[in-house]
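Okay, here's the structure, questions in a sec.
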Amino acid sequence: MSDPMAEEQVFNQPPPFADVNLIAADTPLREAAGLAAGELLPFGAEWGSQARLALGRHANENPPRLRTHDPQGRRLDLVEFHPAYHALMGHSHAAGLAHSTWAGGSHVARAARLFVIAQVEAGHVCPLTMTHAAPAALAAAPTLLAEWLPRINAGPYDSRFVPFWEKSSVTLGMGMTEKQGGTDVRANITRAEAIGGDDYEITGHKWFFSAPMSDAFLVLAQANGGLTCFLVPRFRPDGAVNALHLQRLKDKLGNRSNASSEVEFARAFAWRVGAEGRGVATIIEMVQLTRLDCAVSSAGLMRMALALAVHHARHRTVFSKRLIDQPAMTAVLADLALESEAATALVFRLAVSFDRAKDDPLEAARARLLTPAVKFSVCKAAPGFIYEAMEALGGNAYVEESPLPRLYREAPVNAIWEGSGNVMALDLLRVAGRDAAATRAVISALAQEAREVPGALEAARDIADSLTGEHLESRARSIAERLAALAAAAALAAHAPGALAHAFGTTRLMRPRALFGANPIAEPAWLLDRALTEP
Ligand SMILES: Cc1cc2nc3c(=O)[nH]c(=O)nc-3n(C[C@H](O)[C@H](O)[C@H](O)COP(=O)(O)OP(=O)(O)OC[C@H]3O[C@@H](n4cnc5c(N)ncnc54)[C@H](O)[C@@H]3O)c2cc1C
């Protein structure tokens with residue numbers, strides 16, 4: 001007689017979600033990113049493997065530790081990471097996440113990889129995204145760009161704490177936020193003193209300073225001519241360790257594999273990037289890229305939560321019927337699938353605009369106008385979405401062995417850093433106010449692309465009217481949300497099945513979106529077949 005406590009007696013629990021090809025299983029991603037048949041399949045298998053998923057878990061269960069001093073009291077200012085973090089960095093670096101668009105790759109191709117790695121471990125996305133974005137700011141100092149871009153583009157990942165000129169490749173971070181002002185960087189009090197030519201010394205602090213083991217940082221500080229951007233290396237050109245004193249690591253809600261420090265600069269050596277007084281204009285070029293990454297990464301988090309929920313519901317039976325076939329659950333999951341596919345389509349269409357911007361003024365205007373709206377809408381949607389997916393799995397998803405708690409804790413940060421929600425909505429108004437003609441052209445292009453989607457033409461009219469009305473700032477969020485929904489409808493109209501775009505229009509454009517599962521989707525079941533392809 002078999003032992004009733006034996007492991008094989010566990011039944012009506014789904015098989016582990018592991019050794020899944022994260023590209024092959026994801027039709028919405030393949031279509032939104034325009035992947036050719038077979039493209040990125042080895043990458044999808046690698047990142048969905050049991051071994052890679054385990055690296056994500058280990059990197060978060062063993063967060064980085066700060067070593068400020070050695071036993072004799074000498075400053076170290078070192079952060080030690082678990083080997084799993086470095087392994088993830090190595091794999092993502094090798095896949096081009098830190099540099100591919102500067103080496104001829106497209107933003108869309110990089111976004112497809114980013115979307116996948118964020119599903120597995122989002123903490124290590126931070127150093128990759130800052131490194132990838134840094135050359136956009138360095139462009140204001142052509143000599144520095146010429147020196148540093150080859151180092152960024154080089155390989156492989158090199159985690160050693162040695163001078164940058166000895167490394168096989170470098171990573172970069174950025175420091176803007178101070179205690180008295182994050183959004184309002186003009187309130188920065190950190191000082192920069194010129195010491196000859198483009199060399200400066202920085203004295204002051206940064207209140208948030210992520211990835212402090214990076215090889216150099218884009219930092220804002222007040223010079224005589226006003227707020228200015230600088231490149232602060234971890235090692236001075238004479239080979240001495242630069243005076244970046246790491247005070248503490250933040251004890252964060254999520255994003256735990258990534259180190260976010262507080263730092264003090266004690267006459268730290270720096271090179272000026274761009275003219276004195278042009279700090280915001282210089283660093284904003286970098287931030288535009290990191291905002292795209294935040295949105296792609298949040299769409300990736302949503303995707304993993306959806307996949308886990310659909311997988312569970314397919315393999316779990318309640319009251320003699322699979323959970324996925326219980327009408328109330330079908331309605332919830334189909335609504336989540338619709339939301340996830342819309343977010344995916346939206347972020348990839350935005351990445352297309354980044355690729356086309358240099359040759360096409362309308363696409364450049366589209367990237368400028370939609371980046372804040374898309375970052376606002378997708379990053380803000382992710383926490384609520386992941387919570388709902390968590391509930392679909394029941395108690396198992398509330399337990400730390402499940403990836404859901406980590407996804408849930410990770411999600412809010414993308415809405416906070418690189419410009420918080422209100423800041424994004426206000427930025428959209430600023431862009432629209434600066435170039436009304438370009439804004440009208442973008443809105444009318446979106447309306448034209450989405451014309452078959454119910455509610456799209458009305459939404460376009462509402463947005464255009466709202467932008468000319470009064471008390472704009474108090475309506476900033478509603479304008480941003482509606483513009484992102486219109487852009488999502490346009491993106492779905494281009495690639496997704498007509499019925500899906502139609503369902504999006506009837507539930508998201510014609511009426512305000514209700515709770516997941518309360519939005520009337522006429523035929524929900526096929527959305528779930530499409531959402532997750534399992535063997
Ligand atoms: C985990 C983590 C890592 C980080 N890493 C870095 C880093 O590496 N480098 C770095 O420079 N920063 C970093 N930050 C800081 C982050 O960018 C800031 O927290 C963010 O920009 C908001 O700034 P703040 O915290 O000073 O909040 P505040 O600027 O005080 O904003 C608070 C709230 O007010 C809202 N708000 C601001 N202005 C307006 C307005 N005019 N009207 C209406 N509402 C407004 C904002 O949207 C926000 O919701 C990190 C933050 C976190 C959480």
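The values are calculated or read from the model by the stated rules, or taken from the named source; none is laboratory data. Remember, predicted model here, so these are calculated numbers, not experimental data. Neighbour counts run over all protein chains shown; Cβ positions are idealised from the backbone, glycine included. With ligands, DNA and RNA removed, areas are computed over all heavy atoms of the protein, side chains included. Shrake-Rupley method; radii C 1.70, N 1.55, O 1.52, S 1.80 Å.
I want to confirm something. Restricting to the range 421-445 and keeping residues that are more than 16 Å from the ligand (Cβ to nearest atom) and without any contact (Cβ under 8 Å) to a residue 60 or more places away in the chain, which single residue is most open to solvent (accessible area, probe 1.4 Å)?
434
Scan the range 52-75 and tell me whether some residue there is open to solvent by less than 40 Å² (accessible area, probe 1.4 Å), of a type in the set (D, E, K, R), within 21 Å of residue 257 (Cα to Cα) and under 21 Å from the mean Cα position of the chain (by Cα).
Within the range 52-75, one or more residues are open to solvent by less than 40 Å² (accessible area, probe 1.4 Å), of a type in the set (D, E, K, R), within 21 Å of residue 257 (Cα to Cα) and under 21 Å from the mean Cα position of the chain (by Cα).
Here's something else I'd like to know. For the structure I just gave you, tell me whether residue 516 is among the aromatic types (Phe, Trp, Tyr), in a helix (DSSP H, G or I) and buried (at least 17 other Cβ atoms within 10 Å of the Cβ).
no
Then there is this: If you check 134, 146, which single one turns out to be among the aliphatic types (A, V, I, L, M), outside the structural domain of residue 50 (by TED's automatic domain parsing) and touching a strand residue (DSSP E or B) at 6+ places or on another chain (Cβ under 9 Å)? Explain how you work it out, then say what you get.
Values: 146 fails: touching a strand residue (DSSP E or B) at 6+ places or on another chain (Cβ under 9 Å).
The match here is 134.
From the set of residues in the range 201-213 that are within 17 Å of residue 249 (Cβ to Cβ), part of a strand (DSSP E or B) and out of contact with any Cys (no Cβ under 7 Å at 6 or more places or on another chain), which is nearest to the ligand (Cβ to nearest atom)?
Narrowing the range 201-213 to residues within 17 Å of residue 249 (Cβ to Cβ): 205-213.
So of that shortlist, the ones also part of a strand (DSSP E or B) come out as 205-210.
Now narrow it down to the ones that are out of contact with any Cys (no Cβ under 7 Å at 6 or more places or on another chain): 205-209.
Numbers: 205: 11, 206: 6, 207: 7, 208: 3, 209: 5 Å.
The qualifying residue nearest to the ligand (Cβ to nearest atom) is 208.
Exactly one of (1) outside the structural domain of residue 231 (by TED's automatic domain parsing); (2) closer than 18 Å to residue 217 by Cβ is unmet by residue 192. Its number?
Every listed condition holds for residue 192 apart from (1).
Inside the range 242-255, can you point out the residues that are touching a strand residue (DSSP E or B) at 6+ places or on another chain (Cβ under 6 Å) and of a type in the set (A, V, I, L, M)?
243, 244, 246, 249 - these are the residues of the range 242-255 that are touching a strand residue (DSSP E or B) at 6+ places or on another chain (Cβ under 6 Å) and of a type in the set (A, V, I, L, M).
If only one of 308, 220 is in contact (Cβ under 8 Å) with a residue 40 or more places away in the chain, more than 22 Å from the chain's Cα centre (by Cα) and outside any loop (DSSP other than H, G, I, E, B), which one is it?
Going through 308, 220 in turn, just one is in contact (Cβ under 8 Å) with a residue 40 or more places away in the chain, more than 22 Å from the chain's Cα centre (by Cα) and outside any loop (DSSP other than H, G, I, E, B): 220.
What's the number of the condition residue 97 fails, among (1) of a type in the set (A, V, I, L, M, F, W, C); (2) assigned to a helix (DSSP H, G or I); (3) within 19 Å of the chain's Cα centre (by Cα); (4) away from the ligand (no atom under 16 Å from the Cβ)?
Here residue 97 meets the rest and fails (2).
When the residues of the range 214-247 are filtered to those that are among the small types (Gly, Ala, Ser) and open to solvent by 40 Å² or more (accessible area, probe 1.4 Å), which remaining residue is farthest from the ligand (Cβ to nearest atom)?
Restricting to residues being among the small types (Gly, Ala, Ser) and open to solvent by 40 Å² or more (accessible area, probe 1.4 Å), the top hit is 240.
Right, here's the next one. Under the condition of being surrounded by 20 or more Cβ atoms within 10 Å (Cβ to Cβ) and touching a Lys or Arg at 6+ places or on another chain (Cβ under 9 Å), which residue from the range 263-274 is nearest to residue 66 (Cα to Cα)?
The extreme case among them is 263.
Got a number for residues in the range 448-471 being hydroxyl-bearing (Ser, Thr, Tyr) and surrounded by fewer than 16 Cβ atoms within 10 Å (Cβ to Cβ)?
Final tally of qualifying residues: 1.
Would a scan of the range 514-525 turn up a residue that is over 27 Å from residue 363 (Cα atoms), touching a residue at least 12 places away in the same chain (Cβ under 8 Å) and among the acidic types (Asp, Glu)?
For the range 514-525, residues over 27 Å from residue 363 (Cα atoms), touching a residue at least 12 places away in the same chain (Cβ under 8 Å) and among the acidic types (Asp, Glu): present.
Any residue in the range 74-86 that is more than 26 Å from residue 252 (Cβ to Cβ), among the charged types (D, E, K, R) and out of contact with any His (no Cβ under 9 Å at 6 or more places or on another chain)?
Yes, the conditions are met somewhere in the range 74-86.
Right, another one. Here's a check for you: in the range 175-200, which residue that is in contact with a Lys or Arg (Cβ under 7 Å, 6 or more places away or on another chain) and assigned to a strand (DSSP E or B) is farthest from the ligand (Cβ to nearest atom)?
The selected residue is 200.
Results for (1) open to solvent by less than 50 Å² (accessible area, probe 1.4 Å); (2) at pLDDT 95 or above; (3) assigned to a helix (DSSP H, G or I); (4) of a type in the set (A, V, I, L, M, F, W, C), shown as yes or no for each residue.
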{"position": "137", "(1), (2), (3), (4)": "yes, yes, yes, yes"}
{"position": "151", "(1), (2), (3), (4)": "no, yes, yes, no"}
{"position": "158", "(1), (2), (3), (4)": "yes, yes, no, no"}
{"position": "162", "(1), (2), (3), (4)": "yes, yes, no, yes"}
{"position": "165", "(1), (2), (3), (4)": "no, yes, yes, yes"}
{"position": "168", "(1), (2), (3), (4)": "yes, yes, no, no"}
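What pairs can you find where one residue is in the range 233-262 and on the phi > 0 side of the Ramachandran plot, the other is within 14 Å of the ligand (Cβ to nearest atom), and their Cβ atoms are less than 8 Å apart, with a gap of 6+ or different chains?
Close Cβ pairs (under 8 Å, with a partner that is within 14 Å of the ligand (Cβ to nearest atom)) amount to 255/122; 255/123; 255/126; 255/409; 255/410; 255/413.
Just to be sure, is residue 118 within 22 Å of the chain's Cα centre (by Cα), closer than 24 Å to residue 237 by Cβ and small (Gly, Ala, Ser)?
no
Look through 401, 458 and report the one residue that is away from the ligand (no atom under 16 Å from the Cβ) and modelled with pLDDT under 95.
Only one candidate passes the filter, namely 401.
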